[in-house]
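The values are calculated or read from the model by the stated rules, or taken from the named source; none is laboratory data. What you see is a predicted model, and the numbers here were worked out from it, not measured in a lab. Positions of Cβ are generated from backbone atoms using ideal geometry, with glycine treated the same way; all protein chains shown enter the neighbour counts. Note: accessible area is taken over every heavy atom of the protein model, side chains too, but ligands, DNA and RNA are not part of it. Shrake-Rupley method; radii C 1.70, N 1.55, O 1.52, S 1.80 Å.
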Amino acid sequence: MFKLDNIKIRKNLSDNDVFDIACKKYNINHNDVISWNIVKKSIDARNKNDVHYNYSFNISLKNKHKYKYLKSIPETKHTTININRKSSYSPVIIGAGPAGLFAALTFVQNGVKPIIIEQGKTVEDRKKDVDLFLKTGKLNTSSNVQFGEGGAGTFSDGKLKTGINNPLCKKVLKEFCTFGAPEQILYSSKPHIGTDNLIKIIKNMRNYIIEKGGTFLFNEKVYDIEIIGDKINAVICSKKIETDTVILAIGHSARDTFQMLFSKGILMERKNFSVGLRIEHLQSSINSSQYGNITKLNLPPAEYKLSYHSPSGRSCYTFCMCPGGLVIASSSEENTIVTNGMSYYSRDGLNSNSAVLVNVVPEDFEGHSPLAGLDFQRKLEQKAFDLGGSNYFAPVQKVSDFLNDIPSTTIGKIAPTYKPGFTLCNLNSIIPEFVSKTLKEGILYFDTKLKGFANPDSILTGVETRSSSPVRIIRNENLTSNIKGIYPCGEGAGYAGGIMSASVDGIKCATAVLEKP
């Protein structure tokens, strides 16, 4: 295999046409081509006068001696799992988000039949509950944007870009494709699936796991665990399930479960996380700022990722940017407001949105309990609920009014997308002063990097509190907690930050279980 890279394309062409151009650039005879595939497709928009695509290909060739000038690709080493597990018990996975699902997938692919316990519903029924909440404000605290099959990432944008560099990332992408994801995720520099596709993919994944012997228990909440000595012996939901292995893939919002685990002596600690607001712009404005107005290429809706470091020592950054998306109601507890962003695969909505967040640290919390961060989140969410009108309407403010610390009384050219509704207000009144101050600094700074970011009519919606877990469940080098047989896993346990890294962590934890004698 050889690599053909740095193929710059400034016209709207098919993949086959682009490959022809690559062959011409590298003087390759088509008769020598055995196979080829795209391994990277990105947009270079640094120069607005020369926005272009950049492609890379892998190619397999006959008559290799003719092409010694090409970059050869080292053979991929496939990691194998050395299965040592002898236990007659089924491993239990608590949580059917990406970490739990990929742990289950790893088990069934290696002949082990897990039991997956999920307090929410199947992804199809969960969508009905989410739709009902958006329409009527009727919240199901067990089945919502946070809880249910697929986890919180299902109702986002299905982003698969990650900062981790792990060979398992390729496996995750390929598995998603196996269950119905678009092939483009294998080579896009910023892969995403979209909520609409994720719902179908997760259903297909579940059916495969069941076909291979896995068992799902939906609408089942684990409210206790049984520990004998220093080992797990059983989990308790509506029934007692004896086991010697539990993967805790509980997600970042399972507050009752965190409390239960803490009461049982599972070691955990406070950790840094971030809070802030959602900001909405017209997607057309973001496109213009990122791409300029000259290119004739058919480009996808533009994205951005921005960060700012305040003289105070705080950081402000954008997170989970959703092109052509909407701000979605993401509460999981009664009398709280939580926001998140969501896009469908087409990303064809009028607005873009992203979280604008400020880091918080354990010293900002009241008390020293490992669960103090949960209380910090909850108080903000309750204040947002009250400010919004105590009816699940979100508090909303124009950027110009937020910067000037005055309540908004009108909406400008950018309409909020949050449902079931919104209430105009002054968001400064509910967020900590250090968060408000750093957000204002960050928004003005981002405007110097992305023209129009501080557009006076841009919309801020409160509050965003669930960007990551405020708790880390401590695990050792064998990936187990202080209780033998318990494997803290994924984003909720503090070891991941998104669909991709959570999925990888699920594979790692399942592998550790399989390889343990």
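Over the C-alpha atoms of segment 1-118, what are the Rg and the largest Cα-to-Cα span, Dmax, in Å?
Cα radius of gyration and Dmax of segment 1-118 are 22.1, 64 Å respectively.
Please go through the residue pairs LYS40/LYS200; LYS41/LYS66; LYS221/LYS383; LYS24/LYS66; LYS138/LYS239; LYS305/LYS449 and name each one whose alpha carbons sit more than 18 Å apart in this structure.
LYS40/LYS200; LYS41/LYS66; LYS221/LYS383; LYS138/LYS239
Compute all pairwise cysteine Cβ distances in the chain, then list the cysteines with no distance under 4.7 Å to another cysteine.
CYS23, CYS169, CYS177, CYS237, CYS316, CYS320, CYS322, CYS425
At 1.4 Å probe size, with the rest of the protein present, what percent of the exposed accessible area of the chain is carbon and sulfur atoms?
Carbon plus sulfur share of accessible area: 49 percent.
Using alpha-carbon pairs under 8 Å, 6+ residues apart, how would you state the relative contact order of segment 321-402 in percent?
Relative contact order, segment 321-402: 29 percent.
For segment 278-398, with every protein chain kept in place, what is the accessible area per residue (1.4 Å probe, Å²)?
Each residue of segment 278-398 exposes 39 Å² on average to a 1.4 Å probe.
Using Cα positions and a limit of under 21 Å, work out the lysines in reach of LYS271, with same-chain residues fewer than 8 apart set aside.
LYS379
Of all the C-alpha pairs in segment 256-388, what % are more than 24 Å from each other? If you can, show how the numbers build up before the last one.
Numbers: 3972 of 8778 pairs.
Percentage above 24 Å: 45.
Would you tell me the accessible area of GLU269, worked out with a 1.4 angstrom probe on the heavy atoms of the protein chains, in Å² to the nearest 10?
GLU269 exposes around 70 Å² with every protein chain in place.
Kindly report the accessible area of segment 427-476 per residue (heavy atoms of protein chains, probe 1.4 Å, no ligands, DNA or RNA), in Å².
About 34 Å² of surface per residue is accessible.
Excluding ligands and nucleic acids, what accessible area in Å² is computed for PHE453 using a 1.4 Å probe, to the nearest 10?
Surface open to solvent at PHE453 totals about 0 Å².
Short version: ³J(HN,Hα) in whole Hz for each residue of segment 32-49, in order, from phi by Karplus 6.51 cos²θ - 1.76 cosθ + 1.60 (θ = phi - 60°), x for Gly and Pro, what are they?
Karplus-based 3J(HN,Hα) across segment 32-49 equals 8, 7, 8, 7, 8, 7, 6, 10, 7, 9, 9, 10, 9, 10, 5, 9, 5, 8 Hz.
What is the Cα centroid distance between segment 450-494 and segment 241-268, reported in whole angstrom?
Result: 16 Å between the Cα centres.
How big is the gap, in Å, between the Cα center of segment 34-49 and the Cα center of segment 500-515?
One Cα centre to the other: 31 Å.
Convert 4 °C to kelvin, take the viscosity as 1.567 mPa s, use the Kirkwood radius over C-alpha pairs of the chain as Rh, and evaluate the Stokes-Einstein diffusion coefficient in µm²/s, rounded to a whole number.
Answer from the Stokes-Einstein relation: 53 µm²/s.
Please give the contour-minus-distance gain from PHE434 to LYS24: 0.36 nm per residue of separation, less the Cα-Cα distance, rounded to one decimal in nm.
141.9 nm
Filter the trypsin sites (Lys or Arg not before Pro) in segment 8-39 down to the DSSP loop ones having no more than 16 other Cβ atoms within 10 Å, then list what survives.
In loop regions of segment 8-39 (DSSP not H, G, I, E or B), the sparsely surrounded trypsin sites (Lys or Arg not before Pro) are ARG10, LYS11.
Which value in nm describes the separation of the simple spin-label points at ASN207 and LYS379, placed 7 Å from the Cα toward the beta carbon?
4.9 nm
Scan around LEU217 for amide H atoms under 5 Å from its own, H built in the peptide plane at 1.01 Å from N, and keep only partners 5 or more places away or cross-chain.
Excluding prolines and chain starts, which carry no amide H, the hits are ILE116, ILE117, GLU118.
For Cα pairs less than 8 Å apart in space and 6+ apart in sequence, what is the mean separation divided by the residue count of segment 210-272, i.e. the relative contact order in percent? Write down the numbers at each step before the final one.
Details: 51 pairs, mean separation 14.0, N = 63.
Value for segment 210-272: 22 percent.
Would you mind calculating the gained length between LYS68 and LYS240 on full extension (0.36 nm times residue separation, minus the Cα-Cα distance), in nm to one decimal?
Going from the current span to full extension adds 55.6 nm.
Hey, with R₀ at 60 Å, roughly what FRET efficiency would ILE227 and GLN184 work out to, going by the Cβ-Cβ distance, to 0.05?
Details: r = 46 Å, r/R0 = 0.77.
E(calc), rounded to 0.05, equals 0.85.
Length gain on complete extension for the stretch SER88 to ASP405, per 0.36 nm per residue less the alpha carbon to alpha carbon distance?
Length gained, SER88 through ASP405: 107.9 nm.
Name the residues whose placed amide hydrogens come within less than 5 Å of the amide hydrogen of GLY412, ignoring near sequence neighbours (fewer than 5 apart) on the same chain.
Answer set, sorted by chain and number: none.
Thinking of segment 286-341 as a set of Cα atoms, what percent of all their pairs are more than 14 Å apart?
69 percent
Under the rule of at least 5 residues apart or a separate chain, name every residue whose amide H is placed under 5 Å from the amide H of VAL39.
Answer set, sorted by chain and number: SER56, PHE57, ASN58.
Can you check what the net charge comes to around THR79, using other residues whose Cβ is under 14 Å from the Cβ of THR79 (Lys, Arg +1; Asp, Glu -1)?
Net charge in that neighbourhood comes out at +3.
Using a cut-off of 15 Å between beta-carbons, work out the net charge of the residues near ASN31 (Lys and Arg +1, Asp and Glu -1, ASN31 not included).
+2
Remind me, relative contact order of the chain in percent, using alpha carbon pairs under 8 angstrom and six or more residues apart?
19 percent
What is the list of residues in segment 178-203 whose amide nitrogen lies under 18 Å from a point 7 angstrom out from the Cα of ASN298, following Cα to Cβ?
182-185, 188
Residues with beta-carbon under 14 Å from that of ASN287, excluding ASN287: net charge, scoring Lys, Arg +1 and Asp, Glu -1?
Net of charged neighbours comes to +2.
Could you tell me how far the Cα centroid of segment 297-366 sits from the Cα centroid of segment 216-240, in Å?
Their Cα centres are 35 Å away from one another.
Please find the FRET efficiency linking SER307 to ASN219, where r is the Cβ-Cβ separation and R0 is fixed at 51 Å, and quote it to the nearest 0.05.
My answer for the efficiency is 0.80.
If the reach is capped at under 19 angstrom between alpha carbons, list the lysines near LYS413, excluding any in the same chain fewer than eight residues apart.
Output for LYS413: LYS398, LYS451.
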